[in-house]
1. Applying 1/(1 + (r/R0)^6) with R0 = 41 Å to the Cβ-Cβ distance of residue 124 and residue 18, what FRET efficiency is obtained, to the nearest 0.05?
2. Extending each Cα 7 Å along its Cβ direction at residue 107 and residue 152, get the distance between those two points in nm, one decimal.
3. What does the charge dipole of segment 53-185 about its Cα centre add up to, to the nearest 20 debye, if the Cβ of each Lys and Arg holds +1 and the Cβ of each Asp and Glu holds -1?
4. Just name one of 115, 159, 132: the one whose Cα is farthest towards the positive end of the charge dipole of segment 94-179 (beta-carbon charges, Lys/Arg +1, Asp/Glu -1).
5. With a 1.4 Å probe and all protein chains in place, put 146, 50 in order of accessible area, largest first.
6. May I ask you to order 93-100, 32-39 by the average number of other C-beta atoms within 10 Å around their residues, highest value first?
7. Just to be sure I understand the model, the point goes 7 Å from the Cα along the line to the Cβ. What's the resulting residue 179 to residue 100 distance in nm?
Amino acid sequence: MVQNSDKLQSCQINFHLRHAGELKTITLQLEMLRGNIPTLATIKVEGHVMTILGRGYDGRCALCRSLRRKLKVEDIHFTCCCPLEIEDNNSKRRAIIIGSVLFHQDYLEDNKNYFLYHCRARNNPRDLEAHLALGVINEYHGRFSMAVANYWSAYELAPEDNFIVERLGEILGFLQQLLSTPKTLTKENNEPHPEFHQQACASTAPMAIYS
Ligand SMILES: [Zn+2]
Ligand SMILES: [Zn+2]
C-alpha cells in the first residue's frame with residue numbers, strides 16, 4: 001500500500017453511526033480524553049470522518065487509540081486508518097510503531113506486563129529492560145511525563161542506545177512545544193465543541209476545524 005506524506009500525518013476514524021445520540025457520546029468522550037492526554041494534534045471533522053493531524057508520537061495516536069477504545073465500549077461502529085499501526089495477517093496481531101521499533105499491541109495493553117516491569121524496576125533500579133518497557137508502555141498510552149522518567153532512567157544506564165535517545169528527543173521536543181503554546185489556546189482545546197454535532201450529521205457541511 002502506498003501512503004502519501006499527508007496520510008502519514010494523520011489518523012482517520014470513519015464513523016458508522018446508527019443514531020444521532022452516538023454523536024453526543026463521541027463528542028463527550030473526545031472532550032474527556034483531550035483533558036487527559038497532552039497533545040498538539042488538530043482534529044478535523046468532515047461528514048462522518050474524523051481526521052487527527054499531528055506527528056503521531058505527539059499525542060495524536062494516543063488520543064486516537066483511547067477514543068477508539070472508548071467507542072468500542074460504547075458499541076459505536078467505526079473503521080480506522082492509523083499509519084503507525086500494522087495488521088499482521090499471519091498472526092492476526094496488530095503491531096504498533098514506536099520510534100523505529102514495532103511492538104505487539106496486545107502486549108502493550110496487557111496491564112500484567114506493566115506491573116511486572118514496574119516491580120522489576122522498583123526492586124532493581126539498574127534493570128534497563130524494565131525501565132525501557134515502562135517507557136514504551138507509558139508512551140503508548142499517552143502518559144508522556146511518566147514515559148520521560150522511565151526513558152531517562154534507561155538513558156542513564158545506556159546513554160549510547162539510539163532508541164532511548166530518539167524517544168527522549170521526540171517526547172521532550174513535543175512537551176517543550178506544548179510548554180511554549182499559550183495556555184489560553186490549550187484551554188480552548190479542551191472546551192466542548194457543540195458544533196461537532198451538526199458538522200458530523202451533514203456530510204455536505206464544510207470542514208470543521210478544531211484546534
Ligand atoms: Zn495513529
Ligand atoms: Zn459499522
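The values are calculated or read from the model by the stated rules, or taken from the named source; none is laboratory data. Keep in mind that this is a model prediction, so the values were computed, not measured. Please note: Cβ atoms are built from the backbone with ideal geometry, for glycine as well, and neighbour counts cover all protein chains shown. The accessibility values were calculated without ligands, DNA or RNA, using every heavy atom of the protein model including side chains. Shrake-Rupley method; radii C 1.70, N 1.55, O 1.52, S 1.80 Å.
1. 0.20
2. Those two pseudo-labels are separated by 2.7 nm.
3. 460 debye
4. 115
5. Descending accessible area places them as 146, 50.
6. The peptides rank, most packed first, as 32-39, 93-100.
7. 2.7 nm
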